[in-house]
Amino acid sequence: QVQLVESGGGLVQAGGSLRLSCAASGRTFSTYTMGWFRQAPGKERLFVAAINWNVITAYYSDSVKGRFSISRDNTKNTVYLQMNSLKPEDTALYYCAVARSAQYYDRASGYDYWGQGTQVTVSS
């Protein structure tokens, strides 16, 4: 049974940092693309960042480029999202996801498994 568990969310002031983690279990994900999405209340789920199985290729949404950094440790089946210079508009529920293919890395429909989410709240 595949399970993704996010952690590291919380309340932080604008300009601060947080590091999210997502531990995957149930199978080996070393060949999968791993990604992060976020969803604010009443809004759709949006792509944040993704990283290929090779740990070299990473993708970011324009809204987080230069502030967020995604990484992964294939030996631990874990993906991370380092978030710096946080803004109130970054407030959302952050979801971890994995995909067999990187073809649609920026679409929620392109992912096969999802975590339950971790809340990030940035105060002004």
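The values are calculated or read from the model by the stated rules, or taken from the named source; none is laboratory data. Just so it is clear, the model here is predicted, and its values are computed rather than measured. Because the Cβ atoms are built from the backbone with ideal geometry, glycine has one as well, and the counts that use them run over all protein chains shown. Heavy atoms of the whole protein, side chains included, go into the accessibility calculation; ligands, DNA and RNA do not. Shrake-Rupley method; radii C 1.70, N 1.55, O 1.52, S 1.80 Å.
Go through the stretch 60-85 residue by residue and tally those that are over 19 Å from residue 21 (Cβ atoms) and open to solvent by less than 70 Å² (accessible area, probe 1.4 Å).
Of the residues in the stretch 60-85, 3 are over 19 Å from residue 21 (Cβ atoms) and open to solvent by less than 70 Å² (accessible area, probe 1.4 Å).
Looking at residue 97, is it under 20 Å from residue 3 (Cα atoms) and assigned to a strand (DSSP E or B)?
yes
Report whether or not residue 122 is in contact with a Pro (Cβ under 6 Å, 6 or more places away or on another chain), crowded, with 16+ Cβ neighbours inside 10 Å and not small (Gly, Ala, Ser).
So residue 122 fits the description; yes.
Looking at the stretch 1-81, what strands (runs of 3 or more DSSP E) fall wholly within it and have at least 2 residues that are in contact with a Phe, Trp or Tyr (Cβ under 7 Å, 6 or more places away or on another chain)?
Qualifying strands (runs of 3 or more DSSP E): 3-7, 18-25, 33-39, 46-51, 58-60, 68-73.
Confirm whether residue 38 is open to solvent by less than 40 Å² (accessible area, probe 1.4 Å), of a type in the set (Lys, Arg), within 21 Å of residue 12 (Cα to Cα) and free of Cβ contacts under 8 Å to residues at least 40 places away in the same chain.
Taking the combined requirement at face value, the residue does not satisfy it.
Tally up the residues in the stretch 41-56 that are surrounded by 12 or more Cβ atoms within 10 Å (Cβ to Cβ), modelled with pLDDT of 95 or more and out of contact with any helix residue (DSSP H, G or I) (no Cβ under 6 Å at 6 or more places or on another chain), please.
6
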